[in-house]
Amino acid sequence: MDDDQRSHHGWGSQATLAKATLQKLFFHGRVMIARREGIRRLYDLTERVIPSSVLSQSEPDAVAIRRWSVLQKLRQRRLVPLTRQEVPVVEDLVQPIKVADGPLWYCLREDLPLLESLDEGDRLPTLLAPLDPLIYDRKVTRQLWDFDYTWEVYTPAVKRVRGYYALPLLSNLEIAGHVDPKANRQERRLEVMNRTVRRGHKASGAVKELAKFLGLKTS
């Protein structure tokens with residue numbers, strides 16, 4: 001469909017009116033994403049994407065929807081604060097966790113073996129992706145690690161503090177700083193544009209692992 005009209009209510013002011021309309025219909029369940037071709041989304045009517053056996057099921061009540069929503073948050077972020085309204089709907093599945101003098105956190109009981117397996121032993125430092133579950137909730141990141149992280153790809157260059165794609169460095173049980181890497185595809189090299197790492201921690205191993213993953217060499 002050719003469409004030169006632009007919408008100010010879709011994903012940014014550059015969204016076409018057709019795209020904004022399809023997104024609105026998608027959010028209301030009227031159409032679904034049937035498949036993707038590259039970065040292009042192809043939509044179809046919901047009844048032609050989702051099996052009728054699913055569509056014919058009765059709508060869950062408000063409590064079931066609330067429980068599902070809270071469980072999704074726990075499964076995505078693993079360690080989260082819960083409100084007084086959220087705790088009762090998942091009380092049978094969660095474990096409260098107290099960290100130092102901070103607020104009360106919650107995790108799924110099924111995650112307890114992972115939590116209990118942690119110790120102070122040395123682990124290889126690693127760079128965390130901007131949307132890693134460990135730092136997805138920036139409030140949690142600040143309160144647990146005293147690390148105020150912003151993914152600065154959407155921050156104007158003059159206002160960036162750490163860099164365009166700065167990644168937090170997880171070293172043992174601490175977030176010990178950041179590294180701002182840049183892939184130089186022409187020279188097949190991973191360059192470090194900026195880094196700040198606390199004394200006693202090293203980022204070189206984590207940078208080499210990222211370079212290996214990307215098929216690049218380090219400087």
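The values are calculated or read from the model by the stated rules, or taken from the named source; none is laboratory data. The structure presented is a predicted model; accordingly, all values stated were derived computationally and were not measured. When we count neighbours, we look across all protein chains shown, and the Cβ atoms used for this are built from the backbone with ideal geometry, even at glycine. Please note that ligands, DNA and RNA were not included when accessible areas were found on the heavy atoms of the full protein model with its side chains. Shrake-Rupley method; radii C 1.70, N 1.55, O 1.52, S 1.80 Å.
Some values worked out for this structure:
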| read-out | value |
| --- | --- |
| Placed amide H near residue 193: partners under 5 Å, 5+ positions off or other chain | 180, 182 |
| Of all accessible heavy-atom area on segment 93-194, the percent that carbon and sulfur account for (1.4 Å) | 53 percent |
| Within a Gaussian network of the chain (alpha carbon springs, distance under 10 Å), most fluctuating of 137, 101, 44 | 44 |
| Estimated FRET transfer efficiency when R0 is 35 angstrom, pair residue 123-residue 72 (beta carbons, to 0.05) | 0.80 |
| Cα lying deepest toward the dipole's positive end in the chain, options 161, 140, 34, charges on Cβ | 161 |
| Alpha carbon centroid spacing (whole Å) that separates segment 42-111 from segment 168-219 | 34 Å |
| At most 13 other Cβ within 10 Å, DSSP loop - GluC sites (Glu not before Pro), segment 121-219 | 187 |
| Total charge dipole magnitude, segment 152-219, about the Cα centre, Cβ charges on Lys, Arg, Asp, Glu only, Debye to nearest 20 | 160 debye |
| Segment residue 161-residue 217, length gained on full extension (0.36 nm per residue, minus Cα span) | 17.6 nm |
| Relative contact order, percent, the chain [alpha-carbon distance under 8 Å, six or more residues apart] | 10 percent |
| Extension reserve of the residue 30-residue 132 stretch, reckoned as 0.36 nm per residue once the Cα distance is removed | 33.6 nm |
| The chain: calculated mean residue ellipticity at 222 nm from DSSP helix runs of at least 4, using -39500 (n - 2.57) | -7500 deg cm²/dmol |
| Orientation-averaged projected area, Cα convex hull of segment 131-219 (nm²) | 6.4 nm² |
| Given charges at beta-carbon only (K, R positive; D, E negative), |dipole| of the chain in Debye | 820 debye |
| Segment 20-75 shape via C-alpha gyration tensor axes, a/c threshold 1.5 | prolate |
| Pairs from 182/202; 159/212; 98/202; 73/182 whose Cα-Cα separation, in the structure shown, is over 20 Å | 159/212; 98/202; 73/182 |
| Segment 116-202 - accessible surface per residue (Å², probe 1.4 Å) | 66 Å² |
| Candidates 123, 138, 195, ranked by Gaussian network fluctuation over the chain, Cα under 10 Å, top entry | 123 |
| Candidates 99, 80, 158: whichever shows maximal mean-square fluctuation once the chain is modelled as a Gaussian network with Cα springs under 10 Å | 158 |
| Three-way shape label, segment 32-180, alpha-carbon gyration tensor, a/c 1.5 | oblate |
| Cα-projected label distance for residue 193 with residue 64, points at 7 Å along beta-carbon direction, nm | 4.8 nm |
| Cα lying deepest toward the dipole's positive end in the chain, options 126, 102, 190, charges on Cβ | 190 |
